[in-house]
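What follows is a short report on a single structure.
The values are calculated or read from the model by the stated rules, or taken from the named source; none is laboratory data. Quick caveat: nothing in here was measured; it's all calculated off a predicted structure. Note: ideal-geometry Cβ built from the backbone for every residue, glycine included; neighbour counts use all protein chains shown.
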């Protein structure tokens with residue numbers, strides 16, 4: 001098995017994921033891993049820092065990118081809700097899932113008056 005190669009920008013990626021006490025602007029080319037890092041950051045903010053999902057903003061330049069970001073975050077939150085053993089994280093994950101679609105569309109509606117992509121109506125159960 002080959003040892004994992006460390007990316008040249010690994011320190012920047014870790015900073016984006018873990019240093020959540022500041023606002024960041026992330027700029028990088030297509031296919032560079034922006035969405036993955038932003039999903040990790042949003043997950044850290046919601047599950048570790050306890051920030052309500054509707055207080056987290058991630059701005060993208062296309063509806064496709066926004067949809068991809070939301071869908072990946074939903075998958076991570078669902079996984080956390082099912083598998084976490086850490087106190088409080090399951091509840092925070094379920095709350096974030098409950099609010100994910102309405103938070104995304106509320107922000108978009110306020111900014112673009114109705115030009116948002118449709119959001120799924122699926123809601124997570126708190127049971």
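Matching residues to (1) within 23 Å of residue 9 (Cα to Cα); (2) within 14 Å of the chain's Cα centre (by Cα):
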{"site": "35", "(1), (2)": "yes, yes"}
{"site": "54", "(1), (2)": "no, yes"}
{"site": "59", "(1), (2)": "yes, yes"}
{"site": "83", "(1), (2)": "no, no"}
* Only one of these conditions is not met by residue 108: (1) closer than 18 Å to residue 34 by Cα; (2) modelled with pLDDT under 95. Which number is it? -> (1)
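For every residue, the table says whether it meets (1) surrounded by fewer than 16 Cβ atoms within 10 Å (Cβ to Cβ); (2) farther than 17 Å from residue 17 by Cα; (3) free of Cβ contacts under 8 Å to residues at least 24 places away in the same chain.
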position: 45; (1), (2), (3): no, no, no
position: 49; (1), (2), (3): yes, no, no
position: 69; (1), (2), (3): no, no, no
position: 72; (1), (2), (3): no, no, no
position: 81; (1), (2), (3): no, yes, no
position: 85; (1), (2), (3): yes, yes, yes
position: 95; (1), (2), (3): no, yes, no
* Does residue 54 meet the test of being within 28 Å of residue 87 (Cβ to Cβ) and either in contact with a helix residue (DSSP H, G or I) (Cβ under 6 Å, 6 or more places away or on another chain) or not in a helix (DSSP H, G or I) (or both)? -> yes
* **Condition check for residue 57: surrounded by 14 or more Cβ atoms within 10 Å (Cβ to Cβ) and touching a residue at least 12 places away in the same chain (Cβ under 8 Å)** => no
* Just for the stretch 4-23: of the residues that are part of a loop (DSSP other than H, G, I, E, B) and surrounded by 13 or more Cβ atoms within 10 Å (Cβ to Cβ), which one is nearest to the chain's Cα centre (by Cα)? -> 20
* Asked: Restricting attention to the stretch 31-51, does a residue exist that is assigned to a loop (DSSP other than H, G, I, E, B), modelled with pLDDT under 90 and in contact with a helix residue (DSSP H, G or I) (Cβ under 8 Å, 6 or more places away or on another chain)?
  -> yes
